[in-house]
Amino acid sequence: MLFEEKYQKLQEIIEEDTKNDIVIAFSGGVDSSVLLKTTVAHAKKHGTKVYAITANTELHPMNDLAVAKKVAKEMGADHKVLQINELADADITENPVDRCYRCKKFLFTGIQNMAKELGAAIIYDGTNTDDLKVYRPGLKALEELGVKSPLRLAEFSKEDVRKLAAKEQISVASRPSAPCLATRFPYGTTLTLEDMEHVDKGENFLKKYDLYNVRIRVQGDTARIEVDTKYFDKIMENREEIVDYLKGLGYSYIALDLEGFRSGSMDIHVQKDKGE
C-alpha cells in the first residue's frame, strides 16, 4: 500500500473515532506523538476531547515524562499523568520472559480505569506494523483490553510514522525509541531500581557524544555498549572517559558490542526458542 493510501486510511479511522472523546497512551515518542497530533486535529472538528495519558514509572528513562509534557503542550492536548509502580505491583521483579505482557496489562488497566473516569470509551496506542515483526508479548495485553492501534490498522511502518512526523513538523520526529529500562537486562535477572538508575545514568552520559541509538546491556558486572556502528570511532576516541564513568557506576568490565545497536537484542534466545 502506498503512503498516501495509508495516510488516508489513518484519517478515516480517526475521523470516525473522534466523534467521541478519546484517550491516547502517550509516551512522547514519535509514534504516539503522530497519533496525538492527528487525533487532536480531528477532535477539534467534532468538539470532542483528547486526553494524552503518560505513565510515570521508574522503568522508563528519567527524561521521558518531561518530553511527553512538552510535546502534549505543543499539540494543545489535555495531558494527564498516571503514577504507577510496575516493579512493585506488576509481578516482574525477576524479569520474566513475559515481562512486557505483564507490564502492558498492568499499565493499560490503569489507563482504562482513568479513561472510564474521564468518560472516554476508546483508548489508542502507537503500535505500528514493525512491532508485529519482533518479540512483543505486550501486544496480547492490548488485544485483551480492547486497546485500538490506528497506526497498525492503517498499515503504518516505523518509516511511515517518521515520514508523517517530519511532514507535520513534530518536534520529536527524529527522536530514537526509548523502551523501558528492564530491556537492558537478561530475562531471569532480579530487577532493582538502583541497577536501572545506573543504566539510565550511563546511557545519558554516552548521549553527550552526539550518538543516536544508545543501549547499555548489563550482564553480571559487564556493561555491554550498543551504538550504531558508524559511531564506533566516537566511542574509541572517548574510551578512557567512558570507561572511568561506567566503572564509577559499579561495572567491572566495559565492552563495545561489535554488532552495533540491535533493537531487542536481549530477546534473541526467546526468538530462537520459538523458532523465529
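With more than 18 Å from the chain's Cα centre (by Cα) and of a type in the set (Ser, Thr, Tyr) as the only criterion, which of Thr57, Thr93, Thr109 stands out? On inspection, the qualifying residue turns out to be Thr93.
Looking only at residues in region 150-169 that are closer than 21 Å to Ile123 by Cβ and surrounded by fewer than 21 Cβ atoms within 10 Å (Cβ to Cβ), the one that is nearest to the chain's Cα centre (by Cα) is Arg152.
Of all residues in region 39-58, those satisfying the criterion of being in contact with a Leu (Cβ under 7 Å, 6 or more places away or on another chain) and in contact (Cβ under 8 Å) with a residue 40 or more places away in the chain are Tyr51, Ile53, Ala55, Glu58. Here is the figure for region 2-33: residues that are out of contact with any helix residue (DSSP H, G or I) (no Cβ under 8 Å at 6 or more places or on another chain) and open to solvent by 10 Å² or more (accessible area, probe 1.4 Å) total 8.
Among all positions in region 128-139, there is at least one residue which is open to solvent by 30 Å² or more (accessible area, probe 1.4 Å), basic (Lys, Arg), more than 23 Å from Glu16 (Cβ to Cβ) and in contact with a Cys (Cβ under 9 Å, 6 or more places away or on another chain). For region 242-253, check the following and say yes or no: at least one residue is touching a residue at least 12 places away in the same chain (Cβ under 8 Å) and in contact with a Leu (Cβ under 6 Å, 6 or more places away or on another chain). Among the residues of region 242-253, not one is touching a residue at least 12 places away in the same chain (Cβ under 8 Å) and in contact with a Leu (Cβ under 6 Å, 6 or more places away or on another chain), which makes the answer no. Close contacts from region 212-224, counting a first residue that is touching a residue at least 24 places away in the same chain (Cβ under 8 Å) and open to solvent by less than 70 Å² (accessible area, probe 1.4 Å) and a second that is in a strand (DSSP E or B) and among the acidic types (Asp, Glu), with Cβ to Cβ under 6 Å and a gap of 6+ residues or different chains, come to Arg215/Glu226. Note on region 66-78: among residues that are part of a loop (DSSP other than H, G, I, E, B) and among the hydrophobic types (A, V, I, L, M, F, W, C), the one that is surrounded by the most Cβ atoms within 10 Å (Cβ to Cβ) is Ala77.
Among the residues of region 254-268, the one identified as open to solvent by 50 Å² or more (accessible area, probe 1.4 Å) and either touching a residue at least 60 places away in the same chain (Cβ under 8 Å) or of a type in the set (Ser, Thr, Tyr) (or both) is Ser263. Summed over region 46-65, residues that are at pLDDT below 90 and part of a helix (DSSP H, G or I) total 2.
Free of Cβ contacts under 8 Å to residues at least 60 places away in the same chain and assigned to a loop (DSSP other than H, G, I, E, B), is that true of Gly188? No.
Filter region 211-241 down to the residues that are assigned to a loop (DSSP other than H, G, I, E, B) and of a type outside the set (A, V, I, L, M, F, W, C), then identify the one that is farthest from Cys180 (Cα to Cα).
Across region 211-241, the extreme among qualifying residues is Asn238.
The sole residue among Asn95, Asn85 that is out of contact with any Cys (no Cβ under 9 Å at 6 or more places or on another chain) and open to solvent by 50 Å² or more (accessible area, probe 1.4 Å) is Asn85. With the condition kept exactly as written, say whether any residue in region 220-230 is more than 28 Å from Ala88 (Cβ to Cβ), more than 20 Å from the chain's Cα centre (by Cα) and polar (S, T, N, Q). Within region 220-230, one or more residues are more than 28 Å from Ala88 (Cβ to Cβ), more than 20 Å from the chain's Cα centre (by Cα) and polar (S, T, N, Q).
The values are calculated or read from the model by the stated rules, or taken from the named source; none is laboratory data. Keep in mind the model is a prediction, meaning the values are calculated, not measured. Reconstructed Cβ throughout: ideal geometry from the backbone, glycine too, with neighbour counts over all protein chains shown. Side chains are part of the model used for accessible areas, which takes the heavy atoms of the whole protein and leaves out ligands, DNA and RNA. Shrake-Rupley method; radii C 1.70, N 1.55, O 1.52, S 1.80 Å.
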